[in-house]
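These notes concern the structure reproduced below.
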Amino acid sequence: EWFTAGTYTLDGVVHSCDCEEQEALFRHYLLARIPQEYMNLGIDSYFGDEEAWVAANDYLENWDNLRRHGMGMGFYSKTQGTGKTFLAMTMARELVKRGESVYCVYFRKMIEVFQLPYEERKAEEDRLRDCTVLILDEIGRPVSEAQRALWGEKFEMLIRDRSNYNKVTILTTNLTP
């Protein structure tokens with residue numbers, strides 16, 4: 001049996017836990033839209049750039065001051081699979097634990113928001129604009145001129161609004177600035 005009230009077993013070792021607290025944390029991760037594959041990963045799962053790991057941890061150590069000034073962070077790599085999303089989701093988990101309103105969105109999904117019916121779109125736009133920490137994962141290149149115009153307008157408006165009100169945005173991308 002791998003689970004009894006107040007304990008869990010991992011790699012054959014029984015650990016105690018506060019199951020109510022773990023369930024509440026899991027619900028908060030779901031509300032933040034942290035993908036399940038990233039909910040339990042720790043430093044031992046990270047294989048990316050060590051400097052990026054240090055920068056992410058430094059950011060978290062200085063969170064109170066950075067939050068106050070709306071300072072975000074970006075993770076860039078020419079290629080996929082280098083740990084950018086892992087770092088952003090690790091930061092998201094830590095900030096959720098600190099009680100912050102975090103919202104993680106795959107960039108192409110964010111763009112689809114503008115195709116929703118009005119009430120749904122309004123609610124989603126409000127959440128994108130108002131959360132304390134917005135994580136935009138895999139910001140990509142538009143594939144058409146029409147998409148470029150839409151992305152430019154909506155993306156610029158979102159980032160400008162978040163910046164004006166000192167809301168933190170964390171980005172991951174393969175695109176150069």
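The values are calculated or read from the model by the stated rules, or taken from the named source; none is laboratory data. All of these numbers come straight from a predicted model, not from anything done at the bench. No Cβ is skipped: glycine too gets one built from the backbone with ideal geometry, and neighbour counts run over all protein chains shown. Note: accessible area is taken over every heavy atom of the protein model, side chains too, but ligands, DNA and RNA are not part of it. Shrake-Rupley method; radii C 1.70, N 1.55, O 1.52, S 1.80 Å.
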Residue-averaged [θ]222 nm for the chain, counting only DSSP H segments that reach four residues, each worth -39500 (n - 2.57): -14500 deg cm²/dmol
Solvent-accessible heavy-atom area per residue, rounded to whole Å², over the chain at 1.4 Å: 63 Å²
Normalised contact order of the chain, rounded percent, pairs of Cα under 8 Å and 6 or more residues apart: 26 percent
Extension gain, residue 154 back to residue 47 (0.36 nm per residue minus Cα-Cα distance, nm): 35.1 nm
Sequence of 15, 28 from largest to smallest accessible area, 1.4 Å probe: 28, 15
Cβ-based net charge around residue 69, under 14 Å, with every Lys or Arg adding one and every Asp or Glu removing one: +3
Region 33-144 - Kirkwood radius from inverse mean 1/r over Cα pairs (Å): 15.2 Å
Extended-chain gain in nm, criterion 0.36 nm per residue less alpha-carbon gap, residue 23 and residue 61: 11.1 nm
Heavy-atom accessible surface of region 104-176: percent carbon and sulfur, 1.4 Å: 52 percent
Local net charge near residue 50, Cβ-Cβ under 15 Å (Lys/Arg +1, Asp/Glu -1): -3
Cα-based reach from residue 154 at 26 Å (exclusive), listing lysines while leaving out same-chain residues under 8 positions away: 78, 84, 109, 122, 167
Largest to smallest accessible area among 30, 25 [probe 1.4 Å]: 30, 25
Student exercise, the chain dipole from Lys, Arg, Asp, Glu Cβ charges, in Debye to nearest 20: 780 debye
Residue 106 long-range amide H proximity, modeled H, under 5 Å: 137
